[in-house]
Amino acid sequence: MGAEAAGSPIGWEPSPSIGWVAPHLSAEFPGLGISWVEVDGRPGRSPEPVRRRLRDLSDRFYGAHAIHMRERPIPWAYRVFFRQIGLDPDRSRTPVEQLALERLRDGGFVSRGLPLDALIIATVETGVALRAFDAEQLGGPLCIRDSAPGESLPGRPGELMQGTLTIADERVPIGLLFGATAEGLGVGGGTRRIAIAAVGVDGVPQIAVDEALWMVAATLETA
């Protein structure tokens, strides 16, 4: 399961890495991919500039915007993919639509600290689905594959249904493709280096994926 570097704008190092996708999944779902970057960082309270940016996003992201957001190309691409894998996006929300729902429910984007606030900002700005993992706990490059017979998500009860789509390292699944993260692999109190991963689907340009990753990395590096 190798990874290769993608291009990055001048001044951004290292370049995002592009992970492996199981060949049969690539054939069934053209455009499915995973990219990630690693940055030094630890969880904690967001500084005022980050909280201010959340407030500014809340002011720009009001009811009508949220309602029509799903019609934009990138949110729509995730809705299409959810239906392809058997999820109803009106029940199992895509990441950006879940954030839109929470913004309407809470009256604004509520600060949850870092790195979550950085993920919220980048997801709302770009529409790209993002995840964060403890980079030092990962066992090699990331990939997208389906679960094998008898496999489970570390720390979660029960076996995964065979064929469940997962994000994995070279050892085990580290999270569902859109869902739970394995115990001990998410960002926690002992995290000192964060892997930010973006899941792309057909209709989501790689430049948008790269922009989302760089946005999160920049927020964490300047916090």
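The values are calculated or read from the model by the stated rules, or taken from the named source; none is laboratory data. Values in this document were obtained by computation on a predicted structure and should not be read as measured data. Here the Cβ positions follow ideal geometry from the backbone for every residue, glycine too, while neighbour counts run over all protein chains shown. With ligands, DNA and RNA removed, areas are computed over all heavy atoms of the protein, side chains included. Shrake-Rupley method; radii C 1.70, N 1.55, O 1.52, S 1.80 Å.
Give me the pairs, please: first residue somewhere in region 105-118 and farther than 14 Å from VAL39 by Cα, second residue anywhere and among the acidic types (Asp, Glu) and open to solvent by less than 20 Å² (accessible area, probe 1.4 Å), beta-carbon distance under 9 Å, and either six or more positions apart or on two chains.
Going by the 9 Å Cβ cut-off, the qualifying pairs are PHE109/ASP117; SER111/ASP117.
So how many residues does region 204-223 have that are in a loop (DSSP other than H, G, I, E, B) and over 22 Å from LEU54 (Cβ atoms)?
Result for region 204-223: 2.
Sort out for me the helices (runs of 4 or more DSSP H) sitting completely within region 21-81 that have 2 or more residues that are at pLDDT below 95 and within 25 Å of GLY108 (Cβ to Cβ).
The qualifying helices (runs of 4 or more DSSP H) are 48-60, 63-69.
Could you check how many residues of region 13-42 are open to solvent by 50 Å² or more (accessible area, probe 1.4 Å), under 16 Å from ILE194 (Cβ atoms) and touching a strand residue (DSSP E or B) at 6+ places or on another chain (Cβ under 6 Å)?
So the count comes out to 2.
Just the residues that are assigned to a helix (DSSP H, G or I) and in contact (Cβ under 8 Å) with a residue 24 or more places away in the chain, please, taken from region 82-97.
PHE82, GLN84, PRO95, VAL96, GLU97
Against the condition closer than 19 Å to LEU119 by Cβ and open to solvent by less than 80 Å² (accessible area, probe 1.4 Å), how does ILE85 come out, does it pass?
no
Can you tell me which condition ALA122 does not meet? The list is (1) in contact with a helix residue (DSSP H, G or I) (Cβ under 6 Å, 6 or more places away or on another chain); (2) over 23 Å from VAL187 (Cα atoms), and all the others hold.
(2)
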